[in-house]
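The values are calculated or read from the model by the stated rules, or taken from the named source; none is laboratory data. Quantities reported herein were computed from a predicted structural model and do not represent experimental measurements. Every residue, glycine as well, gets a Cβ built from its backbone with ideal geometry; the counts of neighbours run over all protein chains shown.
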Amino acid sequence: MNFNMELPGLKGVNIEEIIEQENRILVYVSMPLKEHSCPACGVKTLKVHDYRTRKIGHLSFWGRLTKLMYRCRRYRCTCGKRFAEKAPFVERYQRFSKEVNQAMIIQSVQSKTFKDAAMTLGTSVSTIIRRFIKQVKAALPEGFRLPKAIAIDEYKSDTDAGKYQLIIANAETHEPIDILPNRRLQTIKTYLQKYEQDVEIVVMDMNGSFKAAIHQAFAKPIIVADRFHYCRYIHWALDDVRRKVRKEMHVKLLVK
């Protein structure tokens with residue numbers, strides 16, 4: 001059954017069937033039969049070898065997550081080459097449509113957290129982060145250099161690369177510069193050595209891996225403890241003294 005309708009991002013695609021389930025919508029789609037050029041020899045062919053169903057994540061419809069059940073046609077050329085047809089709504093080997101990939105990039109920037117973006121689009125946090133990092137790297141200008149003073153800190157994200165990631169920011173303007181996939185010494189060192197030409201000051205906590213990476217990446221770095229951790233160290237020191245004095249006073253009272 002063909003529906004005489006077009007859904008967003010599916011122009012020119014045959015809508016075969018729409019099935020509504022409790023928490024999602026399945027849209028069965030296919031492409032019109034047409035000649036395709038063989039990627040091996042360039043000869044055009046209409047001979048169909050077989051069909052394979054691809055499950056493609058798509059934009060939400062009517063407030064529910066949508067999955068495209070794409071019946072992908074594979075052609076057979078006279079030279080023996082078998083190849084899949086081209087679909088305008090999804091790239092080769094991708095599990096999400098072009099519309100969703102574009103939405104991921106937008107949501108990764110505009111949402112308050114990566115988790116919010118993932119829940120909105122029905123995907124994982126790590127997928128949103130990968131799209132964000134890809135977008136940031138693409139936006140970096142040629143000859144990118146880190147500023148004179150940078151600040152680095154970790155935050156919990158629980159991605160495929162580890163439970164913690166590392167954010168690098170401009171220490172003077174406080175603007176984020178980049179996010180590293182983990183906080184490992186080698187990851188930090190490799191990144192800083194790539195863009196370190198102008199860096200003189202690094203603001204950070206006193207994490208051992210951070211200090212080692214900074215000293216290995218820079219010749220004579222000036223390391224500054226950030227205010228939060230500096231104040232916390234003072235608080236811990238005062239609290240240790242308080243506990244010690246209280247314990248001594250308690251012992252003296254017991255003796256009396």
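Numbers at a glance
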{"quantity": "Qualifying residue in segment 215-236 (condition: among the β-branched types (Val, Ile, Thr) and either touching a residue at least 60 places away in the same chain (Cβ under 8 Å) or within 18 Å of ASN182 (Cβ to Cβ) (or both))", "calculated": "no"}
{"quantity": "Some residue of segment 70-79 being in contact (Cβ under 8 Å) with a residue 24 or more places away in the chain and over 21 Å from ALA40 (Cα atoms)", "calculated": "yes"}
{"quantity": "Selection count, segment 71-81, where residues are part of a loop (DSSP other than H, G, I, E, B) and under 14 Å from LYS34 (Cα atoms)", "calculated": "1"}
{"quantity": "Selection count, segment 33-52, where residues are touching a Cys at 6+ places or on another chain (Cβ under 8 Å) and in contact (Cβ under 8 Å) with a residue 12 or more places away in the chain", "calculated": "8"}
{"quantity": "Tally, over segment 48-59, of residues that are of a type outside the set (A, V, I, L, M, F, W, C), within 12 Å of PHE83 (Cβ to Cβ) and surrounded by 12 or more Cβ atoms within 10 Å (Cβ to Cβ)", "calculated": "1"}
{"quantity": "Residues that are in a loop (DSSP other than H, G, I, E, B) and modelled with pLDDT of 85 or more, drawn from segment 22-35", "calculated": "MET31, PRO32, LEU33, LYS34, GLU35"}
{"quantity": "Search result, residues across segment 183-225 that are touching a Phe, Trp or Tyr at 6+ places or on another chain (Cβ under 9 Å) and assigned to a loop (DSSP other than H, G, I, E, B)", "calculated": "ARG183, GLU196, VAL199, GLU200, ASP205, MET206"}
{"quantity": "Residues located in segment 96-150, provided they are modelled with pLDDT of 85 or more, touching a strand residue (DSSP E or B) at 6+ places or on another chain (Cβ under 9 Å) and surrounded by fewer than 14 Cβ atoms within 10 Å (Cβ to Cβ)", "calculated": "LYS148"}
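Every residue, every condition in (1) within 18 Å of the chain's Cα centre (by Cα); (2) within 18 Å of VAL27 (Cα to Cα); (3) in a helix (DSSP H, G or I), yes or no:
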| residue | (1), (2), (3) |
| --- | --- |
| PHE83 | no, no, no |
| ALA87 | no, yes, no |
| GLN94 | yes, yes, no |
| GLU99 | yes, yes, yes |
| ALA103 | yes, no, yes |
| LYS115 | yes, no, yes |
| ALA118 | yes, no, yes |
| ILE128 | yes, no, yes |
| ARG131 | yes, no, yes |
